[in-house]
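Here the structure is laid out as structure tokens; the discussion comes afterwards.
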Amino acid sequence: MRYLITLPLLFCICAAIMEPRDCVANQDVAVALLQKKILSAKSAEDKAKYEKEMAELMQSRELVRDVMHKIVEKSTDSPEEYEQVLHAKSTAYSTKEYKEVLEYFREHSLDWHNPKYQTLLQHLHLFSNLLEAKVPVERIKSSIDKVSAGLTDQ
């Protein structure tokens, strides 16, 4: 007799075998690695070093999130539009305007090539969402400038 295992059932079987820490989302790999290093640190100095790295990583993540949310807030006209842009699923990734905004952001604000700001890659879709919401490129650039000016003041 042959048994037919459907995909959801197969997934449940595999998920039951694996321990929760075996699966980590891409964006959380650095955090998971640092947590593991903290737990397995042999000396207090190593543990303190890894905890400092974790704090810096979490600070940079929060900075990136705050910067992107401020840019969206300054680019939109209302709280409703702000929320819509934050949660939209855009398809305007291949447009000339999108590439222009990304390059402007990279040059005038945070550079996602810097390992400290790599989590920024998870938020770049917001620029596409802004463009799809018909926010003018110049207004987005102006918002980038305003938020970036606040970064240098800190």
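The values are calculated or read from the model by the stated rules, or taken from the named source; none is laboratory data. Quantities reported herein were computed from a predicted structural model and do not represent experimental measurements. All Cβ positions, glycine included, derive from the backbone under ideal geometry; neighbour counts span all protein chains shown. Note: areas computed on protein heavy atoms with side chains; ligands, DNA, RNA excluded. Shrake-Rupley method; radii C 1.70, N 1.55, O 1.52, S 1.80 Å.
Condition check: at pLDDT 90 or above, in a helix (DSSP H, G or I), in contact with a His (Cβ under 8 Å, 6 or more places away or on another chain) and within 28 Å of S109 (Cα to Cα). Does R61 satisfy that?
Working: at pLDDT 90 or above: yes; in a helix (DSSP H, G or I): yes; in contact with a His (Cβ under 8 Å, 6 or more places away or on another chain): no; within 28 Å of S109 (Cα to Cα): yes.
No: the conditions fail for R61.
What number of residues in the range 74-108 are in a helix (DSSP H, G or I) and either of a type in the set (K, R) or farther than 23 Å from D28 by Cβ (or both)?
Going residue by residue through the range 74-108, those that are in a helix (DSSP H, G or I) are 74-75, 79-87, 96-108.
When the remaining residues are screened for being either of a type in the set (K, R) or farther than 23 Å from D28 by Cβ (or both), the result is 74-75, 79-85, 96-108.
Total meeting the criteria: 22.
Mind checking which pairs have a first residue in the range 80-104 that is under 11 Å from A133 (Cα atoms) and open to solvent by 40 Å² or more (accessible area, probe 1.4 Å) and a second that is of a type outside the set (G, A, S) and part of a loop (DSSP other than H, G, I, E, B), Cβ under 6 Å, 6 or more apart or different chains?
Listed pairs, sorted by first residue: Y82/T76.
Could you please tell me which pairs satisfy a Cβ distance under 7 Å, a separation of 6+ or placement on different chains, a first residue in the range 51-63 that is more than 16 Å from Q35 (Cα to Cα), and a second residue that is open to solvent by 80 Å² or more (accessible area, probe 1.4 Å)?
Close Cβ pairs (under 7 Å, with a partner that is open to solvent by 80 Å² or more (accessible area, probe 1.4 Å)) amount to S60/K116.
Of the numbered conditions (1) in contact with an Asp or Glu (Cβ under 7 Å, 6 or more places away or on another chain); (2) open to solvent by less than 30 Å² (accessible area, probe 1.4 Å); (3) among the aliphatic types (A, V, I, L, M), A133 fails exactly one; give the number of that condition.
Here A133 clears every test but (2).
Please go through the range 109-138 and pick out each residue that is closer than 14 Å to K70 by Cβ and assigned to a helix (DSSP H, G or I). So that I can check it myself, show each step before the final result.
First pass over the range 109-138, keeping only residues closer than 14 Å to K70 by Cβ: 109-110, 120, 123, 126-127, 130.
L120, L126, F127, L130 - these are the residues of the range 109-138 that are closer than 14 Å to K70 by Cβ and assigned to a helix (DSSP H, G or I).
Please work out if M68 is hydrophobic (A, V, I, L, M, F, W, C) and either without any contact (Cβ under 8 Å) to a residue 24 or more places away in the chain or not in a helix (DSSP H, G or I) (or both).
Details: hydrophobic (A, V, I, L, M, F, W, C): yes; either without any contact (Cβ under 8 Å) to a residue 24 or more places away in the chain or not in a helix (DSSP H, G or I) (or both): no.
It is false that M68 is hydrophobic (A, V, I, L, M, F, W, C) and either without any contact (Cβ under 8 Å) to a residue 24 or more places away in the chain or not in a helix (DSSP H, G or I) (or both).
Return yes or no: is E51 surrounded by fewer than 16 Cβ atoms within 10 Å (Cβ to Cβ), touching a Lys or Arg at 6+ places or on another chain (Cβ under 9 Å) and closer than 27 Å to V31 by Cβ? So that I can check it myself, show each step before the final result.
Numbers: surrounded by fewer than 16 Cβ atoms within 10 Å (Cβ to Cβ): yes; touching a Lys or Arg at 6+ places or on another chain (Cβ under 9 Å): no; closer than 27 Å to V31 by Cβ: yes.
Spelling it out, it is not the case that E51 is surrounded by fewer than 16 Cβ atoms within 10 Å (Cβ to Cβ), touching a Lys or Arg at 6+ places or on another chain (Cβ under 9 Å) and closer than 27 Å to V31 by Cβ.
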